[in-house]
Every structure is written in structure tokens, then in C-alpha cells.
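These notes are about the structure you will find just below.
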Amino acid sequence: MKMGFWMTPEGAEQPVNVFPIGEESLNAAHSGLTAAGALAKLASLDGVELAKACPQAIDLLSNIAAAVAEQKSDAPTRLFQLDNLNDLERRLVADVFGEGEVAGIVALPGGSVAQVQESVLAGIWRVRLETDAAHEYVEVGAIPEIVRRAAEDLTSADIEIGEPPEGAMNVLPVLAEVRERARAWRPGMRSQIINFTLLPMSPVDMAFLQQRIGNGPIQLTSRGYGTCRVLATGVRNVWSVQFFNAMDTIILDTLEVGGVPTVAVAADEDFEDSAERLREIVEAYFT
């Protein structure tokens, strides 16, 4: 089996795409400022005048910097509301934070959606709830709590395997392994990975696997070194994690059993770096 591919009956090569993620909603989140762009825009503004016109935003940024400095990856997140900011202050906060590597959407009960965007300062997130009246806030933590809660509350605790279709080869032992690992996993345990690029899975196997596991409520994409797409499956603690090269070809296709995959979460060293950078921004541009 060729890495990242399976052979169709006609002999053409197609990427293994266990759980396809719609790119439009994810890519749209990356159309804004980068770190360099955000700081360049700030440098062109009058910091003293901004500080006078946006005192609540400056206080908010200072409070967030203090919170990030104390944050740990395994600690509860901290939320900062934006409701008391005026339009200018909201734009200022958006310019400071820019748009970082990780973005995504979370499907919520009732048909509403939450948009999640990491800032250029890792561990600082902007979350927008698309309800009757859109609500936005800033959250400091490894991953927004709404992602963890959706992964826990809006997925199934078990897999109904059932009878495989004609032509299936190896899907039953794979499903049994996924179910066993998902049942046994607990917070604090190391995630376990099933690599489809190394397994002799037929198209029938892959189709049945997707049908049995299903899609979940979370879609994330990370655009650090290359592109990684992360999808919560319909089974609790089971994630599809796919890595792509510059040609948008899958080079690694896996199921990951565990918590939110590490490729999408901030680490302790990220908080330390982000706190220092945010303090420097506040001091350089607004004092």
C-alpha cells in the first residue's frame, strides 16, 4: 500500500480521506492578519492617542498578559469578555491578536456554530458564538473549553460494529482496536495512534470504518509546518488527524485515540512566550 493512498479498482491513485473536512469554512478563518501584519499595522498608528481612546482595551490586554503568564496546559481556561469594549477597542484587540495557525468550527446543539481562532500569540484564542446575537470572547488556555466540551458531550461513548459488507478485509480488527482503546482512555493517558498509511485497508474497509465511526462536531485545521486537519469523529476520544504536503496531498492519515490532538493545542512553553510578547507589545505601542 502506497503511503497516503489507496488503489481504486480502475488503478488510479486517490488520497485516503477517511473523514473529509470542508475547507471553505476553515480557510476563510485565515484571511486576516498574520503576526507581522498585525505589528506593522500597530506601528503605523499613534499609540498614545490609542491608549487615550481605548483604555478598556489596554487594560484587557494587560490582564490577558498576566493570565497567560500564569497559565498551564492542563489548567482550566480563563475567559475575557469583550462586551464592554466599543468598536474601536474591539478592532484594536483584533489587530493585536491577529490570526494564528489553528482555526476551526464547533457544531453546537440547536444548529448554532462556534468559530474558534488562535491568535498569533499561542494559547490566546478568540471564540465567536453564532447564535441569535453573535457573542465573542477571548480565552486563554491550551484549547477553548467549548472544543473539549463538544468532544465529550456531543459524541457517542461506544461503537456499534455490526456486520461488515462483502469484500471487507481488515476493518473488523481495526474497529475492535479503536473501540477498546477509546473505552480505556482517560485524561492524562498518552494518546494512541492508528496509522492507515501502514495498514492494508481496502476501499470497502475504509468506507465501512467511516460509516461505523462517523463524523463529530469539531473541525480544526493547523497551518504550521504544512497543513494538518483534525476532526472529532462521532465516537468519544477518537479523532481523525491528517497531514498534507504543499500540493494538498495526504502524507499521513491517522486515527488518534485520546484527548484533543497535540497538534492543535498550546503547550506550557507557548504560554511563557506569548505572555512575554504581549507585555512587550503593550509597553512598546501603548505606554
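The values are calculated or read from the model by the stated rules, or taken from the named source; none is laboratory data. Because the structure is a prediction, the values reported are computed rather than measured. Note that we place each Cβ from the backbone using ideal geometry, even for glycine, and neighbour counts take in every protein chain shown.
Remarks
- Taking the listed residues Gly110, Gly162, the one that is without any contact (Cβ under 8 Å) to a residue 12 or more places away in the chain, surrounded by fewer than 17 Cβ atoms within 10 Å (Cβ to Cβ) and over 30 Å from Ala65 (Cα atoms) is Gly110, with no other qualifying.
- Failed condition for Glu130, given (1) surrounded by 14 or more Cβ atoms within 10 Å (Cβ to Cβ); (2) more than 20 Å from Leu255 (Cα to Cα); (3) assigned by TED's automatic domain parsing to the domain that holds Ala246; (4) among the acidic types (Asp, Glu): (3)
- Given (1) over 23 Å from the mean Cα position of the chain (by Cα); (2) under 30 Å from Leu121 (Cβ atoms), number of the condition Gly141 does not satisfy: (1)
- The one condition in (1) in a loop (DSSP other than H, G, I, E, B); (2) more than 27 Å from Pro109 (Cβ to Cβ) that Asp158 fails to fulfil: (2)
- Val68, sole failed condition from (1) crowded, with 23+ Cβ neighbours inside 10 Å; (2) of a type outside the set (Gly, Ala, Ser); (3) within 22 Å of Gln219 (Cβ to Cβ): (3)
- Subset of the range 170-190 [exposed (fewer than 14 other Cβ atoms within 10 Å of the Cβ) and not basic (Lys, Arg)]: Pro173, Ala176, Glu180, Ala184, Pro187, Gly188, Met189
- The combined condition, being closer than 14 Å to Asp74 by Cα and either exposed (fewer than 15 other Cβ atoms within 10 Å of the Cβ) or in the same structural domain as Asp74 (by TED's automatic domain parsing) (or both), is not fulfilled by Glu276.
- Qualifying residues in the range 191-226 (those that are of a type in the set (D, E, K, R) and more than 23 Å from the chain's Cα centre (by Cα)) - the one surrounded by the most Cβ atoms within 10 Å (Cβ to Cβ): Asp205
- Of all residues in the range 52-108, exactly one satisfies the criterion of being of a type in the set (D, E, K, R), within 24 Å of Gly224 (Cβ to Cβ) and in a helix (DSSP H, G or I), namely Asp95.
- Residue among Pro203, Pro187 that is in contact (Cβ under 8 Å) with a residue 24 or more places away in the chain, over 24 Å from Pro109 (Cα atoms) and in contact with a Phe, Trp or Tyr (Cβ under 9 Å, 6 or more places away or on another chain): Pro203
- Residue satisfying all of: in the range 227-238; hydrophobic (A, V, I, L, M, F, W, C) and touching a residue at least 60 places away in the same chain (Cβ under 8 Å); surrounded by the most Cβ atoms within 10 Å (Cβ to Cβ) among these: Ala232
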